[in-house]
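First the structure, in the form of structure tokens, and then the observations on it.
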Amino acid sequence: MKMTMHIDEDVLAEVMELTGAKTKTAAVEMALRDLARRHKQRKLFRTPLWPTYEDWLKDSAPQPSDAIDPPDYDEEAVQRFLKRHSKILGHAAEDDDASHGHATEDPRP
């Protein structure tokens, strides 16, 4: 679109130098596009990700896909550890059948 505009020549020359624009029209178009982009960014950054606290709660609530697999551990290794460190732990290692690797009594005094 052709139009008549009054633009400060010094500002236009600076824009052409900084941007490398070959023509005045290209410099003005670059400046306008950049200004529009900056305002879009500013608007985007001012827009909250969640409009309300309730929306945030809903979006951050645990989902079925968040579940992780139960821990995979070697029960025999746990028993060996308990036997070796029973004095440090303050109790004797319990039989596998009775406790499945967990002490039946509270080892704390």
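The values are calculated or read from the model by the stated rules, or taken from the named source; none is laboratory data. Being a predicted model, the structure only gives us computed values, none of them experimental. Cβ: placed from backbone, ideal geometry, glycine included. Neighbour counts: every protein chain shown.
Of all the residues that make up segment 34-65, how many are charged (D, E, K, R), under 30 Å from M16 (Cα atoms) and either in contact with a Ser or Thr (Cβ under 9 Å, 6 or more places away or on another chain) or surrounded by 10 or more Cβ atoms within 10 Å (Cβ to Cβ) (or both)? Residues in segment 34-65 being charged (D, E, K, R), under 30 Å from M16 (Cα atoms) and either in contact with a Ser or Thr (Cβ under 9 Å, 6 or more places away or on another chain) or surrounded by 10 or more Cβ atoms within 10 Å (Cβ to Cβ) (or both): 5 in total. For segment 1-33, the set of residues classified as modelled with pLDDT of 90 or more, loosely packed, with under 10 Cβ neighbours inside 10 Å and basic (K, R) consists of K22 only. If you go through segment 45-69 and keep only what is over 18 Å from the mean Cα position of the chain (by Cα) and either closer than 30 Å to E14 by Cβ or at pLDDT 80 or above (or both), you end up with R46, T52, Y53, E54. The criterion of at least 2 residues that are of a type in the set (G, A, S) and in contact (Cβ under 8 Å) with a residue 24 or more places away in the chain is met by none of the helices (runs of 4 or more DSSP H) falling completely within segment 1-89.
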